[in-house]
Structure formats: C-alpha cells, structure tokens
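Rule-based calculations on the coordinates, nothing more; no lab input. Because the structure is predicted, anything quoted here is derived from the model rather than measured. Note: ideal-geometry Cβ built from the backbone for every residue, glycine included; neighbour counts use all protein chains shown.
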Amino acid sequence: MKIDRLIGIITLLLQHEKMTAPELATRFEVSRRTINRDIEDICKAGIPLVTMQGINGGISIMDSYKVDKTLLTEVDMHAIITGLSSLDSVSQDRKYQNIIEKFSASKGHIQASHGIQIDLASHYKETLAPKIELIKESIECKMSIRFNYFNKQGQNQITLDPYIVVFKWSNWYVFGYSHNEEKFRLYKLNRIETLASVEGSFRVREIPEEALDFNAYFTDHIKAVILFEPSEEYRLIEEYGRSSFTKTKEGKLYFSFPFTNESYLLNWVLSFGDRAELLEPKELRPILKIQLQAALNKYN
C-alpha cells in the first residue's frame, strides 16, 4: 500500500544521512517516477526533504527535523522486533520482515527479545496465513466475504462484512456483521473453508460497544466439578493451572472450573478415560453414561 511505502521512505531517511531515488525505487520495488511522486507527497505533508544533485547527491531530511533515534533503547527494540516477528509468523509476504530490517538498519543487527519466540500460526500457517491476508484486504477495501462455516450443527454458508481480525483464546477469529444473523458475530478461522471476497463495498455500520466485548461471546455458565486420579495432575496444571484443583485426603484431585460449552466439557472428561469422574453438574452424568455406552458398543 502507498501509505506503508511513504512511512517506509520516511523511516529510511531518518536512519540514513541520504539516499538516492534509484536506491529507494529498488528497495520498494517501484519505479523512480513513483518515488519522485512519493517525495512530493511527503513534502506536502509537512516533512522537509532536501534533494541534492550530483555525484554525492541524494534525498535527505533536514537535520533540524530528524528524530533522535536514541529515544528507543535496545530493550525497546527487542520488544518491537519480537512483536513484528510474531506477526510475520502469519504473514504471506515480507512486509513485517522489511520493517524489522528498517529497525535493524538504525541500531545494527537486532534480534527478537532474548528468550522469547512467538509463533501465532503454529502448524496451521499454510491455511491460516492466506485467510488472514484475504480478510485484511477485504477490510481495507470494505468488501464482504463469503465462506462455508463448520460447527456442531453442520455446515452453513456465511456472508460477512469483516471489521477486525482477532487473536484471542489461542485462536484466530474474524469479527464482523453477519448477513445471515443480521448482527455482529465472531467466527473461528480454523472452521472456515472456501473463503472468498464478494464484489462491491459494504456500508460501514457503527459497532455497538457491547459487541466489542469478545469475552461476552463465551460465558462460563457451566460449573463443573470433577474428581481426577493423581496421574492426571500434569494435564490439569498444563490446561487450567494449579489453582483449578485441590488434593483430597485420599490423594485424588478435586477439580472445580467453569465451562462455556457442554459438548466440550463432556468430550474433555471422556478424554481421561477411567481416570476422571464428573460429579457436577449432576444432570450431565446420565448423558456421559450414554456416550460411554455408545463408545463401548463399537467394540462389542
């Protein structure tokens, strides 16, 4: 995008004493004519650029206007690079790498924060990155998107006006106005298939403040109490933390935690086999028994 290129040019000129138009054109993979137009736009925006002709000529920013780059400490730079690297893990192009290189050019070679590496894509990158890129482009162009969405009820085709790409609860979502339900909704990207943009632009709606409270989409209304065998302590610590359970006199683990989804709770308890007993809600115990019997019948 042009605005990204303009910011990039300003950043490079702040980092270097001067640069030539051909150097900038090569760096941003555009023509020299485009760079000349960009320089004019930057000057119109009030940033004083100086152009010098000749062998040692080039484009520079007035010394009186340059920002003191020491305002950013090395710790600050490490944190910035770490954040940019995490975004790069779900990017299809080099835009975040280019920004990292700009910061590194001003401070020498700088890596992400020592001891921290963030991969927001995990093993879903091949399918996740193209979705995020298409949705971001659709948001910028105010174009609706259409996709097949899979949930417990089956498969539905959804038309959505996208507003925000959200990373929360260790998952990626798209937030927008659903034409199907005529309200703002969150959709998990891993459940989306055959994603495509729709021709034409959508009308931007004002987002109700309560719709932006993403935690409200998942209310923990199921109060579960489960008794675990001591062997499952590592899983409880890993998934819900040590404060989620206490040890009984017999050495068993008394787990108490709120859940959002009944189906998830039942499947989670079943994943422990005979090493877990659901105590509450009591009304789920018969359902769990039916599921256990159905599974047993498959092996009879």
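Overview of values
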{"item": "Principal-axis tilt of helix 125-141 within the chain, Cα atoms, nearest 10 degrees", "result": "60"}
{"item": "Viscosity 1.567 mPa s, 4 °C: Kirkwood-radius Stokes-Einstein D of region 251-292 over Cα pairs, µm²/s", "result": "119"}
{"item": "DSSP loop GluC sites (Glu not before Pro) with at most 14 other Cβ within 10 Å excluded, longest remaining stretch of the chain", "result": "30-180"}
{"item": "Distance (nanometres) between label positions extended 7 Å along Cα→Cβ at residue 275 and residue 124", "result": "2.6"}
{"item": "Average Cα contact separation per residue, region 217-300, under 8 Å, 6 or more apart, as relative contact order %", "result": "37"}
{"item": "Relative contact order computed over the chain (Cα-Cα under 8 Å; 6+ residues apart), in percent", "result": "10"}
{"item": "Gain in span if fully extended, residue 40 to residue 56, counting 0.36 nm per residue against the direct Cα distance", "result": "3.7 nm"}
{"item": "Angle between the chain longest axis and helix 2-15 axis [Cα atoms, degrees, rounded to 10]", "result": "70"}
{"item": "Cβ-Cβ FRET estimate between residue 206 and residue 171, R0 fixed at 25 Å, reported to 0.05", "result": "0.40"}
{"item": "Trypsin sites (Lys or Arg not before Pro) within region 142-192: DSSP coil, no more than 15 neighbouring Cβ in 10 Å", "result": "142, 152"}
{"item": "3J(HN,Hα) from dihedral phi, region 215-224, Karplus parametrisation 6.51/-1.76/1.60, rounded to Hz, x for glycine, proline", "result": "5, 5, 6, 10, 8, 7, 9, 9, 8, 9"}
{"item": "Loop sites in region 209-300: chymotrypsin sites (Phe, Trp or Tyr not before Pro), DSSP, at most 14 other Cβ within 10 Å", "result": "218, 299"}
{"item": "5 angstrom amide H check on residue 279, placed H, neighbours 5+ away", "result": "225, 226, 227"}
{"item": "Gain on full stretching of the segment that runs from residue 249 to residue 178 - 0.36 nm per residue minus C-alpha separation", "result": "20.4 nm"}
{"item": "Calculated FRET efficiency for the pair residue 213/residue 152, C-beta based, R₀ 25 Å, to 0.05", "result": "0.60"}
{"item": "Calculated FRET value between residue 194 and residue 18, using beta carbons and R₀ = 45 Å, to 0.05", "result": "0.35"}
